[in-house]
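Scroll down for the structure; my scribbles are underneath it.
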Amino acid sequence: MKKFLVLVSVLVVGAGCAAPPTNQPALDTNRNANLAAATPSPVLSEAEVTAKEKAIWEAIKQKDYAAFADMLAEDQIEVLSDGVHDKAASVAGVKDFEPSEVNFSDWKYLPIDKDGVIIAYTVAMKGKLKGKEFPPATVRASSAWIRRNNKWLAVFHQECEVKKMPPPPPAPKGSPKPGESPAATPLTATTGPDPIANEQLVWDLFKSKNYDAFAALLAPEFLEIEADGYYDKAGSIKGVSMFDASKSVLSDFKATKFGSNVSLVTYMVKDPVIAPKGERASSFWVNRDGKWMALLHHGGTAVDPAAATSTAKPSPSAATK
């Protein structure tokens, strides 16, 4: 009996020593959850950003304008034939557009950095505009998504109607081969954080036929979107070497910073041959290891003067989103 009492006493003392103090704070599960939520998720995969882009179209189709607006950043920019729009104008504009059928193809995936990604694609659509059926339309589109407070939001969208472009006039005799710079290349190509200055420099390089310097300003994964197709870096260099930019006039520049290393410039191009009424264009510039390089260029968005001065929305190719 005595041994039994001693054993009980040892167990009680041991249990008392092993038990936590009564004033020990409980496990902070909320804090752990907050820490987990604060951990940034990886950059959006192609499948994830494609799903988000389709969700935007589905919100428009379902007339869920609150959901549509919730997917846009406050500083969102949209480039259409009737102008360059902010978020409020984008949300107001989609209320006139009623897509009944949308079919996607030609998806292109272009990461910006760990907090940004660009998706480009072709979309064929049918539906109504201001209550009236419009002819079937097909456009090339691009959108940029950026992480804000660990939420992915659309900050940019542009469309241009798909169409074939006339072949360029034959180059004069003695001209360099496509993509090849002439012997004299005096212009120095130095970029900086100002996307407007960078874009103007690009056009100066066109006009001076300094294609090597132009190529040095493009990121290796550079993508160009035009009415007649998609072009990688090599295709873009070849294209500009076949284009006489000497009479092109640029105007209406607007710059938007989406971060310390990502900037967008939108502007108007008028050219007597390819765009006598004007086209809207946009370029994304990114800082890569201290050098600002062009990552995306989307051109070919033909200006619709009537739509810009009318209360009516433009053609359905410009009324999406």
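Listing for the model above:
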read-out: Inter-site label distance for VAL102 and GLN200 at 7 Å from Cα along Cβ, in nm; value: 3.7 nm
read-out: Within straight-line cross-link reach of LYS128, aspartates and glutamates at Cα separation under 12 Å, skipping those fewer than 8 residues along the same chain; value: ASP96, GLU98, GLU101
read-out: Rel. contact order, % - alpha carbon contacts under 8 angstrom, at least six apart, region 40-163; value: 25 percent
read-out: Directionally averaged projected area (convex hull, Cα atoms, region 195-305), nm²; value: 6.7 nm²
read-out: Order by protection proxy (mean Cβ within 10 Å, highest first), peptides 296-302, 98-104, 231-237; value: 296-302, 231-237, 98-104
read-out: Neighbourhood net charge (14 Å Cβ-Cβ; Lys/Arg +1, Asp/Glu -1) for VAL303; value: -4
read-out: Charge-dipole axis of region 40-163 as Lys and Arg at +1 and Asp and Glu at -1 on Cβ define it, positive-most pick from ASN103, VAL49, VAL139; value: ASN103
read-out: Peptide ranges 152-162, 209-219 listed from the most packed, as the mean C-beta count within 10 angstrom indicates; value: 152-162, 209-219
read-out: Out-of-range pairs (alpha-carbon distance over 25 Å; input LYS95/LYS257; LYS238/LYS291; LYS126/LYS277); value: LYS95/LYS257; LYS126/LYS277
read-out: Relative contact order (%) - region 195-305, alpha-carbon pairs under 8 angstrom, separation at least six; value: 26 percent
read-out: Only Lys, Arg (+1) and Asp, Glu (-1) charged, at Cβ; region 40-163 dipole about Cα centre in debye; value: 180 debye
read-out: R0 of 30 Å, Cβ-Cβ distance LYS54-LYS238: FRET efficiency to nearest 0.05; value: 0.40
read-out: At R0 = 35 Å, FRET efficiency that the Cβ-Cβ distance of ALA124 and LYS247 yields, to 0.05; value: 0.55
read-out: Selected from VAL269, ALA234, GLN200, residue furthest toward positive end of dipole (region 195-305; charges at beta carbon); value: GLN200
read-out: Per-residue ³J(HN,Hα) for region 235-244, Karplus 6.51 cos²θ - 1.76 cosθ + 1.60, θ = phi - 60°, Hz, x for Gly and Pro; value: x, 5, 4, 4, x, 5, 6, 9, 10, 8
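Throughout, read-outs are computed from the coordinates displayed, never taken from laboratory work. Because the structure is a prediction, the values reported are computed rather than measured. All Cβ positions, even for glycine, are placed from backbone atoms using ideal geometry, and neighbour counts span all protein chains on display.
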